[in-house]
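Bear in mind that the values in this text are calculations on the coordinates, not laboratory data. These numbers were taken from a predicted model, which means no experiment stands behind them. Please note: Cβ atoms are built from the backbone with ideal geometry, for glycine as well, and neighbour counts cover all protein chains shown.
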Amino acid sequence: MPMRAATAAALLALAAIAPAQETVRPDRRADRPSAGPVAVRVAPLELSIAADDGFYRSSVWEGAPEVADYDAETVTAAGARRGRVELRLGRGALSRETRAEAGFPRDPATAEDAMRLRVSGLPADFAAPAWQVDFWAPLAEPRRVLRSTYAASTAEGPLFTDAQAWRTRPAAVSHGPRFGTREHPLSLGPGAVLEEALPLVLRALRFEDGLSAYTQLAEPLARELAGPPTTSPAIIKVRRPARPVVVPGASRTTGEAWEVAVEAEDGRRLRFVFDDSPTRTLLRYEDDRGTAWRLRSVSRR
């Protein structure tokens with residue numbers, strides 16, 4: 001089945017379990033009582049159409065990267081674990097070898113040619129990172145993964161995964177205490193998005209209240225891979241939060257934020273709240289696995 005047909009069929013199945021995206025249009029006739037809001041069904045767009053590919057080429061990303069610190073909590077069967085997460089996002093230069101294999105030239109307008117996202121998880125005692133994810137993507141196409149790495153320290157031993165999407169034959173190399181070192185084909189398909197890259201990818205949406213888009217969401221690579229990573233059809237929904245959002249470090253409470261919900265056919269549910277600022281800082285994150293982040297502070301350094 002062609003990729004577009006398979007995606008359309010999967011989205012029809014997803015629509016059966018997820019409510020349709022709707023916008024509300026007030027009744028246009030003021031000379032009679034309204035029977036209520038009129039709902040207009042909005043079809044989801046392809047993610048490439050819903051994206052603002054010029055976002056990371058903006059001058060706001062020149063200079064030092066944005067560094068955001070979060071209070072983090074993960075609720076498991078053993079109880080709640082608390083710590084801290086640091087998200088560092090900025091421009092960076094790729095190696096000449098990576099640029100050549102990835103098939104795109106250095107951006108002539110800037111010395112850098114990629115966005116780099118680093119997410120570090122630290123325990124409550126602020127010791128060395130317990131885990132760390134790095135992700136690289138082109139400035140003009142942040143949905144396109146070039147490379148993503150994951151490293152973690154566990155009681156069983158170190159874990160490491162390297163998704164090398166720039167290679168002629170893309171592969172995911174994984175090393176861990178259970179399966180040893182393995183190399184799996186990395187065939188995510190056109191337009192697929194890595195879950196770890198969502199804090200970078202979603203910022204580059206064309207934020208509009210009621211916007212919806214579809215994509216293929218890859219399963220997390222932040223783990224020891226037993227086999228090739230798979231993808232699941234997913235719907236992305238954008239709306240203004242129903243209640244005001246408190247922005248840390250600001251002198252006021254503001255409703256100027258965007259809420260983005262990601263609902264995948266395989267059951268994953270993720271929720272992001274971004275500030276309505278030039279860099280669209282991530283304020284909050286939650287998922288169905290019991291993970292929650294709350295912004296403490298943000299700076300450029």
Whole-number D in µm² s⁻¹ for segment 177-300, Kirkwood Cα-pair radius fed into Stokes-Einstein, 10 °C, 1.306 mPa s
99 µm²/s
Add +1 for every Lys or Arg and -1 for every Asp or Glu among the other residues with Cβ under 13 Å from the Cβ of Ser299, and state the total.
+1
Residues of segment 262-298 with amide nitrogen under 15 Å from the 7 Å Cα-to-Cβ point of Arg82?
292-296
Per-residue ³J(HN,Hα) for segment 190-196, Karplus 6.51 cos²θ - 1.76 cosθ + 1.60, θ = phi - 60°, Hz, x for Gly and Pro:
x, x, 5, 10, 6, 4, 5
Set the Förster distance to 41 Å, then compute FRET efficiency between Ala140 and Asp288 from the Cβ-Cβ distance, nearest 0.05.
0.80
Residue by residue through segment 206-222, which ³J(HN,Hα) values in whole Hz follow from phi under the Karplus form 6.51 cos²θ - 1.76 cosθ + 1.60 (θ = phi - 60°), with glycine and proline marked x?
7, 5, 9, 5, x, 5, 9, 9, 10, 7, 9, 9, 6, 5, x, 8, 7
Sort out for me the Cα centre separation of segment 142-161 from segment 167-198, rounded to whole Å.
10 Å
Ser153/Ser187 FRET efficiency (R0 30 Å; Cβ-Cβ; nearest 0.05)
0.50
Measure off 7 Å from each Cα along the Cα-to-Cβ vector at Glu73 and Ser299, then give the distance between these two points in nanometres to one decimal.
2.6 nm
